[in-house]
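Throughout, read-outs are computed from the coordinates displayed, never taken from laboratory work. This structure is a prediction, so every number in the text was calculated from the model and none was measured. No Cβ is skipped: glycine too gets one built from the backbone with ideal geometry, and neighbour counts run over all protein chains shown.
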Amino acid sequence: MDVFDKVKKAICKVQPGVDEQKIVSGALLKEDLEIDSLTQVELALALEDDLGLTLPDDELDKVTTVGDVVTLVESKLSKSAS
């Protein structure tokens, strides 16, 4: 499973009832997926648990799209692999 699929799965977990077809790379977390700041923290925790990494709050604050989340997770995964 690639990083996008893991992010999509985590979004579905923390935001039950979200239209999965709306979860695309360019989708805005707040506007398109109705993910508020609390749900964004829950999303980060779900990804941290699933992937065994840490997503710092200051970096999460800069995330606005699904693609941003994927990029952040990929950067953390590549750092932990090296």
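At a glance:
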| quantity | calculated |
| --- | --- |
| Inter-label distance, nm, simple model (7 Å from Cα along the C-beta direction), GLU42/ASP19 | 2.1 |
| Sorted largest first, extent of the chain alpha carbons per principal axis (Å) | 36, 27, 21 |
| Lysines whose Cα lies under 18 Å from that of LYS13, excluding same-chain neighbours fewer than 8 positions away | LYS22, LYS30 |
| Those lysines that a straight Cα-Cα span of less than 16 Å connects to LYS76, excepting residues fewer than 8 apart in one chain | LYS6, LYS62 |
| Within segment 1-42: Cβ-based charge dipole about Cα centre, in debye rounded to nearest 20 (Lys, Arg +1; Asp, Glu -1) | 160 |
| Student exercise, the chain dipole from Lys, Arg, Asp, Glu Cβ charges, in Debye to nearest 20 | 240 |
| Helical mean residue ellipticity (222 nm; -39500 (n - 2.57) per DSSP H run of 4+; nearest 500) of the chain | -17500 deg cm²/dmol |
| Among VAL14, VAL70, VAL24, residue whose mean-square fluctuation peaks in a GNM of the chain (springs only between Cα atoms under 10 Å) | VAL24 |
| Placed amide H near THR65: partners under 5 Å, 5+ positions off or other chain | LEU29 |
| FRET efficiency, ASP58 to GLU34 (Cβ-Cβ, R0 22 Å, nearest 0.05) | 0.40 |
| Under 17 Å from the Cα of LYS9 - aspartates and glutamates, other chains or at least 8 residues apart | ASP19, GLU20, ASP32, GLU34, GLU42, GLU48, ASP49, ASP50, ASP68, GLU74 |
